[in-house]
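J.: Before I ask anything, here is the structure I am working with.
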Amino acid sequence: MNDKHHTPPELPDRIERFFDCSLSDEEEAALRRELAGTTSDHPAICEAQALMGFHSIPRDRIHRHSPERLKRIILRCAAAAVLVAIVCPAILYYTANSSGSNGCIAYFNGSQTTDEQEVLAIVFEEISELKEGVALADGEVMEDLGEIIPITQSNPI
Amino acid sequence: MTLPNMMNADLKRFLTILLTVLAALLPARAQEGLEISSLFKGSFTSDPNVTETLIAGNQKFLRSHKLSLLATFKAPAAKYGAMVEKLVKADAATAIGKKVRYKDGRLFLGLFMLKPTGSGKTATNRYLYYLNPTSGPKPYVLLVYMEGKLEEQEVADLLENLPKKSK
């Protein structure tokens, strides 16, 4: 049975010799084995254990069951759930209510059509009316210019 | 790390994801944000005197002309003229290019290149055309809205080369 406070009497001396580099390879290996097995909290032993890396603990073992980590996981799950609960219905709603924004539709004489050819026929007709309007406006501009030019010719600036 | 700090970090992460998703939806609704978009929400479709068309998304006609949306609205000028003109003027206020003609104190013709949405390769050009001829037996107001990758000259060519009717 390990006694946490039990310190083998010669161990601090051997540790001191280890730091002085006066141990043989066999003695150093024996010291390492002993330090790995002891539970003593003697400062010199703890220091040697830390130096030899016996106190390093894998990161995942430190955090695996920590309450902070569990809280973080729960919060992430909650955030993901909220995201799914809010965004997915929003996307579905958007999709369901935007059939007109991803398709072909026309309202004409109080009725509705989604036939592409019919819709395009209406669009083409309206655009040709627009072109006639543009031509009319351009013609009027030319008419206006035609009226201005004789005036400027008779009254040069 | 304290619980409020963790909540802040997760909240920030959540909001970032949410905003990214919403931003992804925005290009599809580029017409949104314009005053004239209210004309295409189905409010006037029950009026038999109103003609409204909307072509959007993955349509062959649009693809072949580098368009992503084409919408038209035609209605009697007496009833809708003032309202449509007001909406067009509001959107035209920030236009980056325009050609307008007034007649009898009313906007007769307006060709507007609106500020593009997005930038660089994702930029979408937007064009708004308005016509309100006061002459004729049935004065009407006509609005044509287009958006897509096409440049100004390409729009002019498109309008020039479109057939009068599809048939």
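J.: Please compute the length gained on full extension between B:Lys89 and B:Glu154, using 0.36 nm multiplied by the number of residues separating them and subtracting their Cα-Cα distance.
T.: Result: 21.0 nm gained on full extension.
J.: How shielded is B:67-75 by partner chains, expressed as the average number of their Cβ atoms within 10 Å of its Cβ atoms?
T.: Other-chain Cβ atoms within 10 Å of each residue's Cβ, averaged: 3.
J.: Please work out the C-alpha center-to-center distance from segment A:26-50 to segment B:93-111 and express it in whole Å.
T.: Result: 90 Å between the Cα centres.
J.: Report the label-to-label distance for B:Lys98 and B:Arg63 in nanometres (one decimal), using points 7 Å from each Cα along the Cα→Cβ vector.
T.: My value for the distance between the label points is 3.7 nm.
J.: Show me A:115-122, A:136-143 ranked by packing, highest mean number of other Cβ atoms within 10 Å first.
T.: The most tightly packed comes first, giving A:115-122, A:136-143.
J.: Work out the mean other chain Cβ neighbour count within 10 Å for the residues of B:44-55 and drop it here as an integer.
T.: 6
J.: Give me the accessible area buried between chains A and B, both sides summed, with a 1.4 Å probe, in Å² rounded to the nearest 100.
T.: Buried area (both sides, nearest 100 Å²): 4400 Å².
J.: If Lys and Arg each add +1 and Asp and Glu each add -1, what is the summed charge of the other residues whose beta carbon sits under 13 Å from the beta carbon of B:Leu107?
T.: So the environment of B:Leu107 carries a net charge of +4.
J.: What pairs in B:Lys89/B:Lys149; B:Lys79/B:Lys138; B:Lys89/B:Lys138; B:Lys41/B:Lys98; B:Lys89/B:Lys115; B:Lys60/B:Lys149 have C-alpha atoms more than 21 Å from each other?
T.: Violating the 21 Å Cα-Cα cut-off are B:Lys89/B:Lys149; B:Lys89/B:Lys138; B:Lys41/B:Lys98.
The values are calculated or read from the model by the stated rules, or taken from the named source; none is laboratory data. In this text, all values refer to a predicted model and were calculated from it rather than measured experimentally. Please note: Cβ atoms are built from the backbone with ideal geometry, for glycine as well, and neighbour counts cover all protein chains shown. Side chains are part of the model used for accessible areas, which takes the heavy atoms of the whole protein and leaves out ligands, DNA and RNA. Shrake-Rupley method; radii C 1.70, N 1.55, O 1.52, S 1.80 Å.
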